[in-house]
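See below for the structure under consideration.
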Amino acid sequence: MIVEGSAGALVPSVKAEAKSSSAAEVSPAPDPEASTEILEPSSLAAMAHRGGGGGGVDAADKDLLCPICMQTIKDAFLTACGHSFCYMCIMTHLNNKSDCPSCGQFLTNTQLFPNFLLNKLLKKASAHQIARNASPVEHLHQALQQGYDVPVKELDSLLSLLAEKKRKMEQEEAESNMLILLDFLHCLRKQKLEELNEIQTDLQYIKEDLNSVERYRMELYKTRERYSMKFRMFLDDPMASKVRSPSIDKHSSGVLSSARNSPGTISSGNFQNKKLDIKAPANSQGLLRKEGFSGMDPQNVAQSGLSVARKRRINAQFNELQECYLQRRRNLNIHPQKQVERDVSGFKREGYHPGLEDFQSVLSTFTRYSRLRVIAELRHGDLFHSANIVSSIEFDRDDRLFATAGVSRRIKVFEFSSVINDPADMHCPLVEMSTRSKLSCLSWNKYTKNHIASSDYEGIVTVWDVTTRQSVMEYEEHEKRAWSVDFSCTDPSMLVSGSDDCKVKVWSTRQEASVLNIDMKANICCVKYNPGSSVHVAVGSADHHIHYYDLRNISTPLHVFSGHRKTVSYVKFLSNNELASASTDSTLQLWDVKDNLPLRTFRGHTNEKNFVGLSVNSEYIACGSETNEVFVYHKAISKPAAWHKFSSSDMDDTDDDAGSYFISAVCWKSDSPTMLTANSQGTIKVLVLAA
């Protein structure tokens, strides 16, 4: 069952099935005789009564049980009718009734007599049992306590034997302890040797990479020096001066004429200084060269502030970056085929290990940004409409338009450039389309620019034509709320949807009925086509798993990714092989769908019950939080790279629910650092990653 709160729809979760109340009815009634367990003392007593002979439980054994409590008789008393009971049992019975529990004959307290013979037998049986179970030491101890006379010579022999036994046991215990210690030290030595080998290997990697980076740095320096020398030679060349002089004269005359026409501007003396400054770059080359050798590069000095900031980011995430570097460096050595694939597919810098190139790319992109800056803002909600939650926000194929949808039952299409360029916070949409039900998800067609699909709370999947503002197709096979819809990137006629009816349906814009139907065991919260395939689909479910299907064989998933502890609310592809997922366990996870491996877990945001949005590009993952913040993660680092909070100034001062607002949708603008974000209040912001 899904409960919809005042703030919006909650993420579905799997409820534990109620235990069957018929279990007690199925269980058989207890059998009094079967439940009566004849204890060992009574058996021994019976055996003693029979002379210690063997045999099973018979009538003689039952005579030693109290007919009332069905346990071995304690403090036996005999009735006038010849039956034995525990004293407490028969007295309690006679307080309520005046008859014998065995035969029903009239019986009073005065007709009870101690059963000395039975008590004696029970004591013998108990002693026999204790003696039989006692150890030789206990026998000896008991014998000595009972005053058994032992000659001094035998005692000396016994003491010597005990001392020798003690020394032997101590020796064995010491040897056992030493073996345990030796085993531990061997294991510890093995572990530390493995760690040492790993550290030595890592140090070798670092040494090789230091040499490669220094060598490449020197190449860059020499290249810069060559260009500086050529530039200086060009400035000192007389022929170049002649070529430059007409343009300089023309420029100077223009400046002089403008100075004459504009009183109070550049004076002739100032102009001469400007003219002399033209040769300043040539005269500065020698200084540049000297400073280059002395380590005082003016360009580095100018960028020192940025460098310091980037170094701070490195220090703040040093452990994460270290793990990232070592992981990339080791993996390409363990899997050389990946290095071959990389060498064929991409540019290879000579002397650089591919793992180092990968890490340099991560380090460059991760340290480039540290915050999110607001560059535009608009209000999505209507003035007199209280339902403002934006459930989905998506850019079109060209990133020129973006569409929003939510509980207001409207799809609004805005022009991105007008939102950026117009400082007003209220913008009129280019297109607005009304729907019958609240909307949960949008997906633009990747080829047909004016087509967009929506899913709603009634389970209807609709394909709209933005140009005509009319629906092109409506699919009504889902029996419950549809949470997600997605167009295929490689086949523009195909789309997939998931619903609370535990079904994934594949549709074609060429026919009205579904093409495929996948029945699952839990609510479907999200679906996504692999961008490089029209037959591979990722499905996030309330069963805490991501199911990766090949639509050519839907009988069983290709892979099932397990790692989340709660409902999987979003799935998004960063590439053909990388899949990101979000869950209400407040984590994101990155998976390799090709090798069926978990790659990384991201933590920092809060998400326990709401759909807070998820968006990815080739390097970054963005998601919302129930703290009304947007978080951005680099795909190689587990901790947030940047975040932005929708501040209280965005809320009305009189709003009592300001603390309950959450981010409800996010969307990257392709591979740019720009993104759209929306919260449950209906505020939409355009954010950009900044240094």
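The values are calculated or read from the model by the stated rules, or taken from the named source; none is laboratory data. Everything numeric here is computed off the predicted structure, so don't read it as measured data. Positions of Cβ are generated from backbone atoms using ideal geometry, with glycine treated the same way; all protein chains shown enter the neighbour counts. SASA here: full protein model, heavy atoms, side chains in, ligands and nucleic acids out. Shrake-Rupley method; radii C 1.70, N 1.55, O 1.52, S 1.80 Å.
Numbers below:
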quantity	calculated
Of the criteria (1) buried (at least 20 other Cβ atoms within 10 Å of the Cβ); (2) of a type in the set (A, V, I, L, M); (3) closer than 21 Å to ARG371 by Cβ; (4) touching a strand residue (DSSP E or B) at 6+ places or on another chain (Cβ under 7 Å), which one ALA690 fails	(1)
So ALA513, is it at negative phi, exposed (fewer than 15 other Cβ atoms within 10 Å of the Cβ) and hydrophobic (A, V, I, L, M, F, W, C)	yes
Flag if ASN576 is at positive phi and surrounded by fewer than 18 Cβ atoms within 10 Å (Cβ to Cβ)	no
Filter pass, ASP399 being outside any strand (DSSP E or B), modelled with pLDDT of 90 or more and not β-branched (Val, Ile, Thr)	yes
Flag for LEU588 being touching a residue at least 40 places away in the same chain (Cβ under 8 Å) and not in a loop (DSSP other than H, G, I, E, B)	yes
Residue list for region 479-494, filter: within 18 Å of CYS525 (Cα to Cα), surrounded by 17 or more Cβ atoms within 10 Å (Cβ to Cβ) and either of a type in the set (Asp, Glu) or touching a Lys or Arg at 6+ places or on another chain (Cβ under 7 Å) (or both)	ASP486, PHE487
Residue match in region 606-616 (condition: surrounded by fewer than 22 Cβ atoms within 10 Å (Cβ to Cβ) and of a type in the set (Gly, Ala, Ser))	no
Filtered residues of region 534-559 (kept if among the small types (Gly, Ala, Ser), part of a loop (DSSP other than H, G, I, E, B) and open to solvent by less than 60 Å² (accessible area, probe 1.4 Å))	SER534, ALA542
Candidate set from region 433-454 (those that are of a type in the set (Gly, Ala, Ser) and open to solvent by less than 50 Å² (accessible area, probe 1.4 Å)); member that is farthest from ILE518 (Cα to Cα)	SER437
Where LEU78 falls short, out of the listed (1) open to solvent by less than 50 Å² (accessible area, probe 1.4 Å); (2) in a strand (DSSP E or B)	(1)
Region 455-478 - residue that is assigned to a strand (DSSP E or B) and aliphatic (A, V, I, L, M) and, of those, surrounded by the fewest Cβ atoms within 10 Å (Cβ to Cβ)	VAL472
Wholly within region 608-650, strands (runs of 3 or more DSSP E) carrying at least 2 residues that are modelled with pLDDT of 95 or more and of a type in the set (Gly, Ala, Ser)	620-624
Residues being part of a strand (DSSP E or B), of a type in the set (S, T, N, Q) and under 14 Å from PRO12 (Cα atoms) - total across region 482-527	2
Checklist (1) open to solvent by 100 Å² or more (accessible area, probe 1.4 Å); (2) without any contact (Cβ under 8 Å) to a residue 60 or more places away in the chain applied to LYS124, failing item	(2)
Pairs where the first residue, in region 417-432, is open to solvent by less than 40 Å² (accessible area, probe 1.4 Å) and the second is part of a loop (DSSP other than H, G, I, E, B) and at pLDDT below 90, C-beta under 7 Å, 6+ apart	VAL419/HIS427
Pair list, Cβ < 8 Å and 6+ apart or interchain, from region 498-520 residues that are more than 16 Å from VAL535 (Cβ to Cβ) and touching a residue at least 40 places away in the same chain (Cβ under 8 Å) to residues that are in a loop (DSSP other than H, G, I, E, B) and among the charged types (D, E, K, R)	SER499/GLU479; SER499/LYS480; SER499/ARG481; ASP500/LYS480; ASP500/ARG481; ASP501/GLU479; ASP501/LYS480
